[in-house]
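Just below is one structure, and these are the notes that go with it.
A short reminder: the numbers here are calculations on the coordinates, not readings from a lab. Keep in mind that what you see is a predicted model, and the values were worked out from it rather than measured. Virtual Cβ from ideal backbone geometry, glycine too; neighbours counted across all protein chains shown.
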Amino acid sequence: MTGKRICVLYGGRSLERDVSLSTGHRVGRALESRGYQVTGIDVDESLVRRLIELRPEVAFIAMHGKGGEDGTVQELLEILRIPYTGSGVLSSIRAMDKVLTKHILKAGGIPTPPFHAFNDAAFREMGAKDTLQIIAEDLGLPVVVKPAAQGSALGIKFAAEARDLPAAMVSALSFDRKVLLERFVAGRELAVSILGTAEPRVLPIVEAIPQARHSYYDFESRYTPGETDFEVPAELAPEVAAEVERLALATYRALGCRGFGRVDFILDQANRPWVLELNTIPGLTETSTMPLAAQAAGLSFEDLVVAITESATL
Amino acid sequence: MDPAHVLITTGGQQAIDLVTKTFVDPGDVVLAEGPSYAGALTTFSTYETDVLHLPMDERGLDVEAVPDILDRLAADRKRVKFLYIVPNFSNPGGTTLSLERRHRLVEISAERELLIVEDNPYGILRYQGEPLPTLFTLDQSENVIYLGSFSKILSPGIRTGWIAAPAPILAKIAFGKQATDLCSSPLNQMFVHEFISSGVWREYVQRLIGIYRSRRDVLLSALADEFPPGSRWTVPEGGFFVWASLSPPVNTTDLLVKAIEENVAFVAGNGFYMDGQGTDSMRLNFSGSPEDRIQEGIRRLGSVIRDQMELYRALGMDG
Ligand SMILES: Cc1ncc(COP(=O)(O)O)c(C=O)c1O
């Protein structure tokens with residue numbers, strides 16, 4: 001199985017370029033150490049030409065956010081008939097859009113915090129501002145306002161009062177034309193990584209513990225890297241852990257994912273899990289949760305990267 | 001000037017660092033312009049100072065506000081260590097301290113024994129008006145420390161600047177300099193020496209002035225054409241920057257995200273304050289881009305601002 005020619009695609013122009021560079025370099029080194037022939041490609045306008053020249057047996061997509069995680073590069077690889085890692089075009093599109101994801105979860109009976117979502121046209125052309133008060137009452141305060149395109153935590157705002165909503169909307173709308181307003185569910189943050197396609201394997205649950213919380217404003221800190229500790233496996237009652245795992249798999253399947261992925265949860269004070277989102281290309285950096293989960297399952301980083309690579313398909 | 005009163009530093013930034021390290025203990029107050037050079041603010045916060053921003057207008061720092069502020073701080077038992085100021089074509093404000101205010105500030109500094117740190121990396125790059133005397137030359141009471149740099153007239157990579165100060169002050173700073181890096185690269189200093197002593201710098205700086213003046217003029221006229229009514233901006237007589245403020249509730253941090261999508265960048269205003277001000281403002285640089293790009297950049301920025309304002313109106317936030 002060694003010796004395969006792999007292109008690792010990383011970088012690109014998304015806001016998560018830096019994370020992608022670090023995931024990409026690490027993946028490249030891991031593959032080389034297992035005997036693969038690796039060419040790293042920092043994605044730019046020459047991508048397609050280079051792929052045509054190199055004709056790799058597998059493209060390892062180590063990109064995050066726009067372009068790499070939203071089905072764009074997946075579509076190109078389909079056209080070029082190059083097998084690639086991770087989810088296909090449709091699943092990527094579904095998971096990249098937090099709103100679409102939540103509609104699918106809701107339809108599938110998977111618990112996700114109550115929400116509403118808008119395109120900026122609703123405000124510009126239909127006077128949606130007059131619904132904000134109703135939304136606040138509907139969802140209950142505080143409300144989290146997020147750009148619909150999932151990925152970067154940038155642009156996520158927190159409205160403690162209804163009158164904070166418009167400014168939060170503008171910030172979120174700076175990042176995407178569509179925004180999600182979601183009830184803020186206080187609780188523990190769990191990340192569940194999944195590996196495989198036909199019979200996906202759930203890796204040990206990771207809990208992210210912000211170093212200081214307690215007040216609403218600490219909400220911001222959970223999106224600030226370096227201010228979080230991880231516990232693997234998370235300390236959970238067996239029936240709670242089983243339910244979280246079941247829902248993680250249900251989410252993975254509902255979105256039609258393959259290869260690998262990570263489902264993010266909030267576990268509320270009553271120990272009820274709520275699915276927030278699914279990442280089709282979770283980070284694989286030194287500080288990312290998926291490698292931690294793999295390690296807890298007895299898989300080295302190299303094992304993890306090889307497993308993902310060998311699951312590549314068209 | 002007596003060379004004994006000059007200390008060569010590794011750029012102006014090290015000069016700021018050395019002065020701060022020498023004079024400030026954690027919790028001391030440093031007075032700064034509002035807005036103030038972000039690199040200096042970073043240094044001040046590294047040494048755990050309390051930065052207090054002073055008000056400014058088109059003639060620079062409002063020096064008449066200084067005595068009252070000093071009284072208030074004294075009443076609160078706060079120790080003010082120095083006032084940091086960029087009197088010529090301030091970064092980021094673009095403003096220049098008027099002659100009367102210079103005289104007055106030096107007077108206040110003598111009366112109140114207030115140490116002034118005068119940072120002047122842009123002074124030679126003047127595009128209109130007469131040069132004004134530095135605070136350092138006006139000072140008779142040994143209360144001004146002057147910081148210079150070759151970064152803006154030769155090259156930032158040459159990392160050569162200097163501190164001019166009264167001998168007792170300089171001796172203390174030199175002590176800190178030794179602890180930091182013994183001395184700045186003599187090789188770089190030889191380059192600078194050659195550049196200056198050969199006289200080529202005069203012609204070079206004249207050329208820069210011509211280029212930058214045209215770029216400034218293009219930026220100012222583009223702003224007048226493209227920015228929406230209610231926007232304000234400074235008209236710098238030199239230097240690199242224009243400071244533009246938009247009518248509320250526009251937030252320039254949000255705006256920057258949209259601007260970058262259009263391949264236009266600026267520095268959001270709140271980076272030049274330690275106290276959360278500046279969210280309605282931005283620093284625009286005109287020295288680094290050719291005229292047609294400045295024109296096009298401001299055109300795009302203008303349309304991003306209008307679009308953002310429309311969104312605020314749609315959200316009922318137009319005040
Ligand atoms: C006001 C001011 N002071 C100091 C510096 C530091 O310059 P250098 O360290 O390159 O001399 C700068 C650079 O941008 C500046 O704008």
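General remarks:
- Modelled label reach - A:Q133, point 7 Å along Cα→Cβ, region A:153-168 residues with backbone N closer than 18 Å: A:160-167
- Leading residue at positive end of dipole, region B:1-110 (Cβ point charges), from B:L73, B:T96, B:G39: B:G39
- Taking a ≥ b ≥ c as the square roots of the eigenvalues of the Cα gyration tensor, the protein assembly as shown is prolate, since a/c reaches 1.5 or more and a/b is larger than b/c.
- Taking a quarter of the surface of the Cα convex hull of chain B gives a mean projected area of 17.4 nm².
- Using a Förster distance of 35 Å, the FRET efficiency for B:Q277-A:A250 (Cβ separation, nearest 0.05): 0.10
- Centre separation in Å (Cα based) which lies between region B:63-108 and region B:294-319: 35
- The distance between label points at A:D44 and A:F230 comes to 3.2 nm (points 7 Å beyond Cα on the Cα→Cβ vector).
- Estimated from the Cβ-Cβ distance and a Förster radius of 60 angstrom, the FRET efficiency linking A:I52 and B:M1 is about 0.35.
- Region A:30-83 and region A:277-314 have their alpha-carbon centroids 17 Å apart.
- Rounded to the nearest 20, the Cβ-based charge dipole of chain B about its Cα centre (Lys and Arg +1, Asp and Glu -1) stands at 580 debye.
- Shape call, region A:5-85: gyration tensor on alpha carbons, a/c limit 1.5: oblate
- Each of B:E291 and A:H103 was given a label point 7 Å from its Cα along the Cα-to-Cβ line. The distance between the two points is 5.2 nm.
- Proximal aspartates and glutamates relative to A:K4, as straight alpha-carbon distance under 13 Å, when same-chain residues fewer than 8 apart are discounted: A:E32, A:E57, A:E310
- Neighbourhood net charge (12 Å Cβ-Cβ; Lys/Arg +1, Asp/Glu -1) for B:N270: -2
- Model label sites at B:D76 and A:R13, defined 7 Å from Cα along the beta-carbon direction, differ in position by 4.6 nm.
- Summing +1 for each Lys or Arg and -1 for each Asp or Glu among the other residues whose beta-carbon sits under 13 angstrom from that of A:V202 gives +1.
- For region B:202-314: rounded, prolate or oblate by the Cα gyration tensor [a/c cutoff 1.5]: prolate
- Gained length - B:T42 relative to B:R300, 0.36 nm times residue gap less alpha-carbon distance: 89.8 nm
- Under 15 Å from the B:E261 label point (7 Å along Cα→beta-carbon), backbone N, region B:278-319: B:300-312
- Each Lys or Arg adds one and each Asp or Glu takes one away; over the other residues whose Cβ falls under 13 Å from the Cβ of B:Y212, this sums to +3.
- For the pair region A:232-269 / region B:251-280, the C-alpha centres are spaced 38 Å from each other.
- Loop-located GluC sites (Glu not before Pro) in region A:256-314 (DSSP state not H, G, I, E or B) with no more than 12 neighbouring Cβ atoms inside 10 Å: A:E286.
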